[in-house]
Amino acid sequence: MKELSSLQIERLKYQPKLPSSLAGGINNLSLSEGNNTECVKDAEQIKELFKNTYGKPVVTFKTSEQTEVSPARNVGVILSGGQAPGGHNVIAGLYDALKQANPQNKLYGFLGGPSGIIDGQYIEFTDEKINAYRNTGGFDIIGSGRTKLETEEQFQKSLEVCKKLGITGVVIIGGDDSNTNAAMLAEWFVKNNAGIQVIGCPKTIDGDLKNEQIEISFGFDTATKTYAELIGNIQRDANSAKKYWHFIKLMGRSATHVGLEVALQTQPNITLISEEVEEKKMSLKQIVDYMADIIARRANSGKNFGVALIPEGLIEFIPEMKSMIANLNDIMSSLEQDASYNKLTVPADRFNFIESRLEKENAEVFESLPVLIKAQLLMDRDPHGNVQVSKIETEKLLIEMIKIKLDEMKAEGEYMGKFSDQCHFFGYEGRCAFPSNFDADYCYSLGYNAFALMKFGLTGYLSSVKNLSAPADEWVAGGVPLTMMMNMEKRHGQFKPVIKKALVELNGPVFKVLEENREKWAMEDKYLFPGSIQYFGPSSVCDITTETLRLENQAKLAAV
């Protein structure tokens, strides 16, 4: 039996491309600083919490004619949160830059996420270890975890582990919450004169860690292309069998960037956008009426089939559901030690207990939900104390309500078709896919760039590579202060500093394309079939970026 597949063997050989500013070598760089920065919101609170790291400038790198060899140093790296394609290449880029700067440098990988730096669980990377994981998906090289770095005890233990290993720099690869951890750790290290730098790297397939300086988080490109392939296949099947409506829930709790990008790549009949639902204050009934109307119109023209995309976090954006869930989150956080609640074993008793604690309008919403959805709402909290939205089967709730609506329409002679449903949830299928050429290049550049930021003594920064719609050699490498992206949000009943999530902009160029084509895609079956990610062949196929990046770049150029 083969130890590696043919594709694995070829991908291990792939050499990622770097921005020209970095391609000249880690020891041949110069640093340019911009103006001092401000956070996006709640400036006074953020300044107070980050007295030592707030307000630093955005920086960019250029190739320098002078060569400066770095003294030997040790660096640690952490993979934090959910997996995203390309994480291994961030580590590979960091490792290569570190060894190029000084062959005596060492890179340690903390095992199992942030808990590894607290508990002192680690490995030292070698050429052999790194070379076995280049251009591969997943986080299995050292594993990941969701432990939050936020307490004095955790910071102190992290410092002790770093001192033991002689570590003077830590790279945290993660999403908005993980990089909030990075900002807090960086601040604590500076405050306590630890002499340890902290640099973050922007990871999340959800695409909600983005701003002027971070055009896209890594993994988004590969994950959306993977989902688009699967949805294209389902659309081909739907158009062949002509008897099923496929309801596809897509990963992306807090923002609908994934659903929007995949819709542009595949052009399904229905695409729900959570941010639009919230903006228009659409009720659950209005959403069901909208979907049932399209299903009925298609059926009445002889099409008893179709494809609907549903964002994972939709339920939280429906105003009455959002209010109820917020109220429920507060109540549940106070019930963790409540013996009178914890001793209840019959689901109905728990439901009644919760309803008695909810505000009147929220209690009415909770009471109206099917038992299945109530039970899912009361499942174990996520690490932030919130409802685990991914476990709420929103697609099944919509299907049941649509069936009732269609029966009503049939009784009134407004619907003459048949409705058969199929459910899918695409999430884990995209998180560990082989990274696309774009993500392989982007992630390698982010890791390489992270060490460049350390080389210039920076801390509390996020590795930033911009101009991503251009060829890789034209990318712009640099860094953005983590505090620049922060605001205060309520977590576990208390306001805490967090990196602000980027939601879909309803006035933006990406959503406008969906909005302009909705009716045509609903009725005319303009399905696209993207096929699998291509790694070999013409650049027009292998190096393409997402529709989101392309359209946003077009808008920037038009505005100049």
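The values are calculated or read from the model by the stated rules, or taken from the named source; none is laboratory data. These figures come from a predicted structure and were not determined experimentally. Counting neighbours? That spans all protein chains shown, and the Cβs are built from the backbone with ideal geometry, glycine included.
Descriptive notes on the structure:
- 1 or more residues farther than 17 Å from L462 by Cα and under 22 Å from the mean Cα position of the chain (by Cα): qualifying strands (runs of 3 or more DSSP E) within the range 15-119: 106-110
- Extreme residue, farthest from S115 (Cα to Cα), among residues of the range 146-183 that are hydroxyl-bearing (S, T, Y) and either at pLDDT 95 or above or in contact with a strand residue (DSSP E or B) (Cβ under 8 Å, 6 or more places away or on another chain) (or both): T168
- Cβ-Cβ under 9 Å pairs, at least 6 apart or on other chains, the range 535-549 side more than 28 Å from F511 (Cα to Cα) and surrounded by 14 or more Cβ atoms within 10 Å (Cβ to Cβ), far side at pLDDT 95 or above and aliphatic (A, V, I, L, M): Y535/A440
- Any hit, the range 507-522, residues being out of contact with any helix residue (DSSP H, G or I) (no Cβ under 8 Å at 6 or more places or on another chain), surrounded by fewer than 24 Cβ atoms within 10 Å (Cβ to Cβ), in the same structural domain as F189 (by TED's automatic domain parsing) and in contact (Cβ under 8 Å) with a residue 24 or more places away in the chain: no
- Counting residues in the range 482-496 that are closer than 30 Å to A23 by Cα, surrounded by 24 or more Cβ atoms within 10 Å (Cβ to Cβ) and either assigned by TED's automatic domain parsing to the domain that holds A299 or among the acidic types (D, E) (or both) gives zero.
- Residue within the range 360-375 that is loosely packed, with under 14 Cβ neighbours inside 10 Å, modelled with pLDDT under 90, within 30 Å of G207 (Cβ to Cβ) and of a type outside the set (K, R) present: yes
- Of the helices (runs of 4 or more DSSP H) contained entirely in the range 338-408, those carrying at least 3 residues that are over 33 Å from the mean Cα position of the chain (by Cα) and either assigned by TED's automatic domain parsing to the domain that holds S323 or over 18 Å from I287 (Cβ atoms) (or both) fall at 339-342, 347-357.
- Selection count, the range 525-534, where residues are surrounded by 15 or more Cβ atoms within 10 Å (Cβ to Cβ) and hydroxyl-bearing (S, T, Y): 1
- Positions within the range 400-433 being more than 20 Å from L250 (Cβ to Cβ), out of contact with any strand residue (DSSP E or B) (no Cβ under 7 Å at 6 or more places or on another chain) and surrounded by 18 or more Cβ atoms within 10 Å (Cβ to Cβ), in sequence order: K405, L406, M409, Y415, G417
- Filtered by the rule that a residue be among the aromatic types (F, W, Y) and within 21 Å of the chain's Cα centre (by Cα), the range 120-153 gives a lone residue, F139.
- Some residue of the range 145-154 being surrounded by 15 or more Cβ atoms within 10 Å (Cβ to Cβ) and either outside the structural domain of S70 (by TED's automatic domain parsing) or aromatic (F, W, Y) (or both): no
- For the range 94-124, a tally of residues being of a type in the set (A, V, I, L, M, F, W, C), farther than 19 Å from C201 by Cα and buried (at least 18 other Cβ atoms within 10 Å of the Cβ) returns 2.
- In the range 227-244, residue surrounded by the most Cβ atoms within 10 Å (Cβ to Cβ) [restricted to those that are in a helix (DSSP H, G or I) and of a type in the set (D, E, K, R)]: E229
- Given (1) at pLDDT 85 or above; (2) surrounded by 17 or more Cβ atoms within 10 Å (Cβ to Cβ), number of the condition N352 does not satisfy: (2)
- In the range 300-335, residue surrounded by the most Cβ atoms within 10 Å (Cβ to Cβ) [restricted to those that are in a loop (DSSP other than H, G, I, E, B) and of a type outside the set (D, E, K, R)]: F305
- Scanning the range 186-196 for any residue that is of a type in the set (K, R) and crowded, with 24+ Cβ neighbours inside 10 Å turns up nothing.
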